[in-house]
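The values are calculated or read from the model by the stated rules, or taken from the named source; none is laboratory data. Keep in mind that what you see is a predicted model, and the values were worked out from it rather than measured. Note that we place each Cβ from the backbone using ideal geometry, even for glycine, and neighbour counts take in every protein chain shown.
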Amino acid sequence: MGGGAAGFFGAITCAETNPHLRVLLIEKTGKLLSKVRISGGGRCNVTHAADTPAQLVQHYPRGQKQLKEPFKQFGATDTVRWFERRGVRLKTEPDGRMFPTTDSSETIAQCLLDAAHRAGVQILLHTQAEHIEPLPEGGFRLTLTGPHAQTLEVARLLIATGGAPKADQYAWLRQLGHSIQEPVPSLFTFNVPDSPLRELPGVSVPQARVRVAGEKLEYEGPVLVTHWGLSGPAVLKLSAWGARRLHDLQYQSTALVNWIPQHTEETLRQWLLEFREQNGKKGVVNNPLFGLPQRLWRTLAEQAGIGPETRWSELPAKLQNRLIEGLLRTALPVRGKTTYKDEFVTCGGIVLSEVNMQTMESRRVPGLHFAGEVLDIDGITGGFNFQAAWTTGFLAGRAMGSMHESLSEVA
């Protein structure tokens with residue numbers, strides 16, 4: 001159940017593994033592959049270039065340990081081959097993200113739709129499983145509502161319904177006997193309503209370090225100043241690793257930004273000492289250093305109290321100290337979060353100790369499988385959440401298709 005990346009991959013794999021099975025894909029809305037279509041700004045970040053499972057698992061705040069063996073069965077290189085065998089070539093960008101060469105998410109969506117059609121997967125839209133009843137002899141009885149309303153008995157069931165923001169949305173899975181790790185948001189940007197950088201929307205720095213004051217949470221990478229606060233890969237990845245702690249803090253904290261992470265305070269002071277000796281006549285405000293954007297440098301200098309005509313040779317030690325503080329520790333009072341674009345990733349879901357990670361089958365309910373974000377698995381940005389969906393969907397579909405029951409299969 002679920003017409004997203006994991007559900008499709010599971011259904012296709014199941015049907016291809018055993019063409020004699022009847023495979024149904026049930027989607028409660030009228031939209032298929034919604035996240036695939038919006039991912040990567042409409043380009044679809046399919047996966048991430050990673051040669052080994054050990055490299056790949058480093059990018060999962062939840063599921064890191066448990067995904068190592070699954071990635072040996074179906075990893076990033078397997079994803080690339082899977083799509084290439086179906087006529088879709090992927091390209092690798094400098095940061096490791098992989099996209100279709102067409103730069104269009106529709107290429108990926110259409111590939112999955114075509115593969116499902118060729119494999120004989122039957123898709124039921126606007127259809128919901130109102131009731132799921134495990135049968136004493138094995139399998140499940142589903143009560144479907146919607147245009148395809150019926151009572152259906154199936155041998156195996158794959159739950160790929162995605163993440164949900166509220167704990168009560170997992171109540172039906174608890175009723176089936178599973179434990180739920182409470183859901184909290186992951187991959188979000190920081191709201192800074194009183195930002196000292198509020199006049200700089202659109203300014204970006206390719207390498208900065210963001211940390212949360214008083215916490216062991218920090219990440220280094222590109223940072224983007226927005227009209228609502230702070231964004232960019234470093235912030236998004238920090239929010240993923242710190243999802244539970246930031247939730248506990250109610251998204252109220254102080255973010256400290258080091259715009260020049262190549263420097264410590266000691267090395268920066270030494271560098272400035274040498275620079276001043278050679279460039280004393282240069283103005284401070286209008287000559288940005290360290291490759292920082294002009295607007296950002298000017299703002300940091302002005303906030304340090306440095307006048308527009310001040311030369312380096314005239315800069316008082318007190319104002320230089322303030323500038324150093326701004327360069328290494330710009331303090332931004334975070335007061336809330338904003339979902340990244342239209343992409344919602346949940347930290348939480350089905351507890352992984354209750355799932356056989358080789359087959360994605362429940363250890364509590366025989367014949368019940370899980371894939372995708374409904375599991376307590378989530379990755380940082382860069383194609384990692386899709387890779388987890390492809391992998392878990394593939395393993396679930398292969399296991400389901402390898403069974404030889406006479407009843408229908410349902411993804």
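Every residue in the stretch 1-44 that is of a type in the set (Val, Ile, Thr) and either out of contact with any strand residue (DSSP E or B) (no Cβ under 7 Å at 6 or more places or on another chain) or without any contact (Cβ under 8 Å) to a residue 40 or more places away in the chain (or both), please. Please lay out each step first, then the result.
Taking the stretch 1-44 as the starting set, the residues that turn out to be of a type in the set (Val, Ile, Thr) are 12-13, 17, 23, 26, 29, 36, 38.
Result: ILE12, THR13, THR17, THR29, VAL36, ILE38.
Let's see how each residue does on (1) under 28 Å from THR264 (Cα atoms); (2) in the same structural domain as PRO61 (by TED's automatic domain parsing); (3) of a type outside the set (Val, Ile, Thr):
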| position | (1), (2), (3) |
| --- | --- |
| ARG141 | no, yes, yes |
| ALA149 | no, yes, yes |
| LEU197 | yes, no, yes |
| VAL205 | yes, no, no |
| ARG209 | yes, no, yes |
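Quick grid of which residues meet (1) among the hydrophobic types (A, V, I, L, M, F, W, C); (2) buried (at least 19 other Cβ atoms within 10 Å of the Cβ); (3) within 24 Å of THR13 (Cα to Cα):
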| position | (1), (2), (3) |
| --- | --- |
| LEU124 | yes, yes, yes |
| THR145 | no, no, no |
| THR151 | no, no, no |
| GLY162 | no, yes, yes |
| LEU187 | yes, yes, no |
| GLU199 | no, no, no |
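Please pick out the residue among ALA164, ALA115, ALA129, ALA171 that is in a strand (DSSP E or B), among the small types (Gly, Ala, Ser) and assigned by TED's automatic domain parsing to the domain that holds VAL36. Break it down stepwise before answering.
Working: ALA164 fails: in a strand (DSSP E or B); ALA115 fails: in a strand (DSSP E or B); ALA171 fails: in a strand (DSSP E or B).
Residue meeting the stated conditions: ALA129.
For LEU142, only one of the following conditions fails: (1) at pLDDT below 95; (2) closer than 18 Å to GLY2 by Cα; (3) aliphatic (A, V, I, L, M). What is its number?
(1)
Where in the stretch 297-406 are there strands (runs of 3 or more DSSP E), lying wholly inside it, with at least 1 residues that are in contact with a helix residue (DSSP H, G or I) (Cβ under 6 Å, 6 or more places away or on another chain)? Before the answer, list the steps.
Details: elements: 330-335, 337-339, 345-350, 368-370.
In the stretch 297-406, 345-350, 368-370 are the strands (runs of 3 or more DSSP E) which contain 1 or more residues that are in contact with a helix residue (DSSP H, G or I) (Cβ under 6 Å, 6 or more places away or on another chain).
What are the residue pairs meeting all of these: first residue in the stretch 159-172, first residue closer than 25 Å to PRO366 by Cβ and among the hydrophobic types (A, V, I, L, M, F, W, C), second residue surrounded by 12 or more Cβ atoms within 10 Å (Cβ to Cβ) and modelled with pLDDT under 90, Cβ atoms under 8 Å, and 6 or more apart or on different chains?
Close Cβ pairs (under 8 Å, with a partner that is surrounded by 12 or more Cβ atoms within 10 Å (Cβ to Cβ) and modelled with pLDDT under 90) amount to ILE159/MET1; ALA160/MET1; ALA160/ALA411; ALA164/THR346.
Return the residues of the stretch 216-227 that are assigned to a loop (DSSP other than H, G, I, E, B) and surrounded by 14 or more Cβ atoms within 10 Å (Cβ to Cβ); say none if nothing qualifies. Quick ask: steps written out before the conclusion?
Initial filter on the stretch 216-227 (assigned to a loop (DSSP other than H, G, I, E, B)): 216-217, 226-227.
Result: LEU217, THR226.
Please state which one of THR77, THR13 is assigned to a helix (DSSP H, G or I), crowded, with 21+ Cβ neighbours inside 10 Å and more than 16 Å from the chain's Cα centre (by Cα).
Numbers: THR77 fails: crowded, with 21+ Cβ neighbours inside 10 Å.
After ruling out the rest, the residue left standing is THR13.
For PRO201, are the conditions met, namely being touching a helix residue (DSSP H, G or I) at 6+ places or on another chain (Cβ under 9 Å), part of a loop (DSSP other than H, G, I, E, B) and assigned by TED's automatic domain parsing to the domain that holds VAL235? Let's see the steps before the verdict.
Working: touching a helix residue (DSSP H, G or I) at 6+ places or on another chain (Cβ under 9 Å): no; part of a loop (DSSP other than H, G, I, E, B): yes; assigned by TED's automatic domain parsing to the domain that holds VAL235: yes.
No; evaluated as a whole, the condition is false for this residue.
Kindly indicate the residue of the stretch 240-256 that is in contact with a Lys or Arg (Cβ under 7 Å, 6 or more places away or on another chain) and not in a loop (DSSP other than H, G, I, E, B) and also farthest from THR189 (Cα to Cα) among those meeting that condition.
Step one: of the stretch 240-256, the residues in contact with a Lys or Arg (Cβ under 7 Å, 6 or more places away or on another chain) are 251-252, 256.
Restricting the remaining residues to those that are not in a loop (DSSP other than H, G, I, E, B) gives 252, 256.
Values: GLN252: 13, LEU256: 14 Å.
So the residue we want is LEU256.
Among (1) surrounded by 20 or more Cβ atoms within 10 Å (Cβ to Cβ); (2) farther than 18 Å from GLY326 by Cβ; (3) more than 22 Å from the chain's Cα centre (by Cα), where does LEU236 come up short?
(3)
Being out of contact with any Leu (no Cβ under 8 Å at 6 or more places or on another chain), at pLDDT 95 or above and in the same structural domain as LEU158 (by TED's automatic domain parsing) is true for just one of ARG335, ARG398. Which residue is that?
Only one candidate passes the filter, namely ARG398.
Based on this model, can you work out whether GLU69 counts as in a helix (DSSP H, G or I), modelled with pLDDT of 95 or more and within 30 Å of LEU217 (Cα to Cα)?
Working: in a helix (DSSP H, G or I): yes; modelled with pLDDT of 95 or more: yes; within 30 Å of LEU217 (Cα to Cα): yes.
Yes.
Just to be sure, is ILE260 surrounded by 17 or more Cβ atoms within 10 Å (Cβ to Cβ), in contact (Cβ under 8 Å) with a residue 12 or more places away in the chain, under 30 Å from PHE140 (Cα atoms) and among the β-branched types (Val, Ile, Thr)?
No, not satisfied.
Can you work out which of the residues in the stretch 379-395 that are of a type in the set (Gly, Ala, Ser) and touching a Ser or Thr at 6+ places or on another chain (Cβ under 7 Å) is nearest to PHE99 (Cα to Cα)?
Our first condition is that a residue be of a type in the set (Gly, Ala, Ser); within the stretch 379-395, this holds for 379, 382-383, 388-389, 393.
Still in the list and also touching a Ser or Thr at 6+ places or on another chain (Cβ under 7 Å): 383, 393.
Details: GLY383: 9, GLY393: 20 Å.
So, considering only residues that are of a type in the set (Gly, Ala, Ser) and touching a Ser or Thr at 6+ places or on another chain (Cβ under 7 Å), the one nearest to PHE99 (Cα to Cα) is GLY383.
Of all residues in the stretch 48-67, which are crowded, with 16+ Cβ neighbours inside 10 Å and more than 20 Å from MET357 (Cα to Cα)?
To start, the set of residues in the stretch 48-67 that are crowded, with 16+ Cβ neighbours inside 10 Å comprises 48-50, 53, 56-57, 59-63, 66-67.
Residues satisfying the conditions are HIS48, ALA49, ALA50.
Note down all Cβ pairs under 7 Å where the first residue falls in the stretch 192-213 and is without any contact (Cβ under 8 Å) to a residue 60 or more places away in the chain, the second is assigned to a loop (DSSP other than H, G, I, E, B) and surrounded by fewer than 20 Cβ atoms within 10 Å (Cβ to Cβ), and they're at least six residues apart or on different chains.
Here the result reads PRO201/HIS227; GLN207/PRO261; ALA208/PRO261; ARG209/PRO261; ARG211/LEU217, each pair linking the stretch 192-213 to a residue that is assigned to a loop (DSSP other than H, G, I, E, B) and surrounded by fewer than 20 Cβ atoms within 10 Å (Cβ to Cβ).
Pick out the one residue from GLY379, GLY372, GLY305, GLY383 that is modelled with pLDDT of 95 or more, in the same structural domain as THR226 (by TED's automatic domain parsing) and not aromatic (Phe, Trp, Tyr). Spell out how you get there, then give the answer.
Values: GLY379 fails: in the same structural domain as THR226 (by TED's automatic domain parsing); GLY372 fails: in the same structural domain as THR226 (by TED's automatic domain parsing); GLY383 fails: in the same structural domain as THR226 (by TED's automatic domain parsing).
On inspection, the qualifying residue turns out to be GLY305.
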